[in-house]
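Starting off with a structure, shown below.
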Amino acid sequence: MRIAKIAFIAIMFFFLVITLSYGADVAKIGVADFQRILETSSAGKAALSEISKQGEKMKVKLEKKGAEIEEIQKRLEGETLVMGKEKREEKKREMRIKINDFKLLQKQYSEELRAHESRLVNRIQKEIFELVENIGEKEGYLLIIEKRKAGVLYSPNTIDITDKLIQQSNAKFVVKTDKKEN
């Protein structure tokens, strides 16, 4: 009976030691907010600025085309009473063609801008993922997830590595811009 108690206590002690040894190895989890990185990092700000500039150029071109169409339409309205029926129909057809060309150009610009934005964001995302991988390996993270896409509704600030990623991204961006300038 006494041997059974000692064996039971030894087995319980063994399981307690095993449980504590596994429990001591705490899983380190990190969270990163890619949207905040994109908005506040140097690379992200440069990309957003480039997209904005390209969008403005396209907007100016579209406004110029729109003004031309409005002027032609005003002229057409003023001359409608003087023109013959055939001439009037021809001018209306030309006007519809110009309007369709304008809409096609507008659609083309929109697609180009979206594609350019996607390329820039994907490039930044790739660089950030490399930084995340490095931080994860060096600092022993078990898991690092993206705050928005992973559906994280709450996470304590202590596991948020976004600021660290922004700092490393900015340092990498400075090195890249220095190399481009030289």
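No value in this document is a laboratory result; all are computed from the given coordinates. Note that the coordinates shown come from a computational prediction; the quantities given were computed from them, not determined experimentally.
When we measure straight from the Cα of LYS172, which aspartates and glutamates land under 18 angstrom away, once same-chain ones fewer than 8 places off are left out?
By straight Cα distance, LYS172 reaches GLU39, GLU127, GLU130, GLU133, ASP163, GLU181.
Quote the relative contact order of the stretch 68-173 in percent (integer), defining contacts as alpha-carbon pairs under 8 Å separated by 6+ residues.
Relative CO of the stretch 68-173 lands at 21 percent.
Let me ask something else. Enumerate the calculated ³J(HN,Hα) couplings along the stretch 49-61 in order (Karplus 6.51 cos²θ - 1.76 cosθ + 1.60, θ = phi - 60°), each rounded to whole Hz, writing x wherever the residue is Gly or Pro.
Per residue, the Karplus-derived 3J(HN,Hα) values read 5, 4, 5, 5, 4, 5, x, 5, 4, 5, 4, 4, 4 Hz.
Something else: Could you pull out every residue, at least 5 positions away or on a different chain, whose amide H is within less than 5 Å of the one on GLY30? Hs are placed 1.01 Å off N in the peptide plane, and Pro or chain starts have none.
LEU143, ILE144, ILE145
List, in the order given, every pair from LYS57/LYS107; LYS59/LYS92; LYS138/LYS176; LYS65/LYS92; LYS45/LYS164 whose Cα-Cα distance in the structure shown is over 20 Å.
Distance filter (> 20 Å) returns LYS59/LYS92; LYS138/LYS176.
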